[in-house]
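Quick notes on the structure that follows.
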């Protein structure tokens, strides 16, 4: 309905003194005229409703309102459901909300939501439908859709079937302007699969299960895969700086430091709702944006002054293990938990936690003793505020119940480290003395799956822990400590590497964590566990003074020291290597090989890569100019059951015989190939020599010269008889010396 102009009648004028033809009120009409596109912003169209009669319609409207009022405010008289000539509804309805923001939220949160077991809602903006109709995008005449012939798609996980039968892994290399994907051939030159110039403008990244290779461009992000390496998906978020996938590749979040700007003519994937935003959360399968967010504003102090910007957190959005939720931290205030795929705020409210500094989701769905209902866990910590102690808490989602808290005192900082199976949570607590001149670290280990979530304190550490890492799918960990001040330094600080493991316990129980061994006088600053556990590389990276790589085995099969008899580990240093200028280290998904590389992004000296086996033996070294990235291609989780995996480990020696035979045959084949290549080269040379002799002989005949260039230079007897020359050669076969008395 157009607005009334009755308020103009209150002006101090007489309407009879003016003729409408003589008065120009175009400026007023322009000011107060309702723009249809804007006027429809509070309306939505709900499709997919069940077919009902006039008598059944009120009941359906009331049922529908329960859904509609979850995202905004509307009433029964604001829902218009058209009826057909046969007295039955047309299965859609027009709904008016109190604001455009509520209408936009309804489209975002109610589209594709089940109304009942047989009906799914499809929700669109009224303004979008009107605009598409006016722009000629919707034809008034129905045209049956054209159904394309079935075309078989490429298998996106064909890389799991190695054509050589050796179970090799793939990796991507970004060097210069080229990006290539290769098969790992251990000591031999990698086998190239695909190599393209200018494949990316920024960096490349694998999706968590290895399905896609991601390239980043000014126009957006592209996903590549299949045997032909064709483009599978595209997310048109301009100038992306970072991206992060959910654990099972269902969703991806992209971030750009430049706010999104939607042009007047529209955008192929984004809407005006994304204008000015920095983050976009996408659904990978459909390529559609689920929701967008702006960067968090820097909070101001009480006097209005702007605080210093906090360190940029990445990932800014963190996924639950089963991808049912994604959460975002507003540091010092709250944690916002959103339900996927609707991206609606859980219970329509944030989780208020005063002073919260950080949080982490459990990397696996927990199975706490005595808890049968569904839950996902995340942990968080808050610093000391006034007289209140610092706290570490565990919260269950969706109930938002605090299942465990721990008070801490004299805390400078805390770091949260989940074990990969969510069996343990280690909180690395840096504590300061009363004078704050000295600092030490304690480890507070939460036993998640035990009744009441008991906490074990590892307080045997006397120095500051600068790095901590759990064994994947295991219960051991490694720490690096130092007595020197932490932070960037010109000289590598002296560090110590310590190994911890649980004591042996009866049955399936796990004993208390005990210190196993410490290696002093090191420069190490990084820990890299094999994805299969057991083996670990402790290294010094991104340092020009030291570049050591130490390869350890925590289940060494040799004799165990007497002092370690009661521990669940047998530590052995297998090898020490050195890669000058190493900046990055990564294990392959099988845990058989380790790649180390020196990236030009961090320095320009001796760029290239090394490949080692799990024992630390160097297999290959290749310097590469302008080397940027090396990325092993991840693999999805195994399809074997735990019992089948145990059976394989139990009979590994039998399997290894077949593998060793294959390796020997491959080595013999390689030697035979070298011999055959040399014989082929010799045959080629002899054939070339024979062809040259024939050419020379023909040239001599053409010139009237004898075939043999030596002929006529040696004098022979005139009678033409052959002259026999005898030569006597004496050879001593045996010689004995005898003394005669």
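The values are calculated or read from the model by the stated rules, or taken from the named source; none is laboratory data. Everything quoted here is computed from the prediction, not taken from an experiment. So basically every Cβ, Gly included, is an ideal-geometry build from the backbone, and we count neighbours across all protein chains shown.
Would you point out which residue out of 505, 542 is out of contact with any strand residue (DSSP E or B) (no Cβ under 8 Å at 6 or more places or on another chain) and farther than 25 Å from residue 560 by Cα?
542
Considering each residue of the stretch 221-240, count those that are without any contact (Cβ under 8 Å) to a residue 24 or more places away in the chain, within 21 Å of residue 629 (Cβ to Cβ) and in a loop (DSSP other than H, G, I, E, B), and give that number.
So the answer is 1.
Would you say residue 328 is at pLDDT 95 or above, outside the structural domain of residue 121 (by TED's automatic domain parsing) and within 26 Å of residue 67 (Cα to Cα)?
The answer is yes for residue 328.
Scanning the stretch 270-295 for residues that are touching a residue at least 40 places away in the same chain (Cβ under 8 Å) and outside any strand (DSSP E or B), which turns out nearest to residue 345 (Cα to Cα)?
273
Select from the stretch 511-527 the residues that are crowded, with 19+ Cβ neighbours inside 10 Å and in contact with a strand residue (DSSP E or B) (Cβ under 6 Å, 6 or more places away or on another chain) and list them in ascending order.
Matches in the stretch 511-527: 513, 516, 522, 524, 526, 527.
Against the condition surrounded by fewer than 10 Cβ atoms within 10 Å (Cβ to Cβ), in a helix (DSSP H, G or I) and at pLDDT 85 or above, how does residue 643 come out, does it pass?
Yes: the conditions hold for residue 643.
Which of the residues spanning the stretch 64-87 are surrounded by 11 or more Cβ atoms within 10 Å (Cβ to Cβ), closer than 23 Å to residue 118 by Cα and touching a residue at least 24 places away in the same chain (Cβ under 8 Å)?
64, 67, 68, 70, 71, 81, 83
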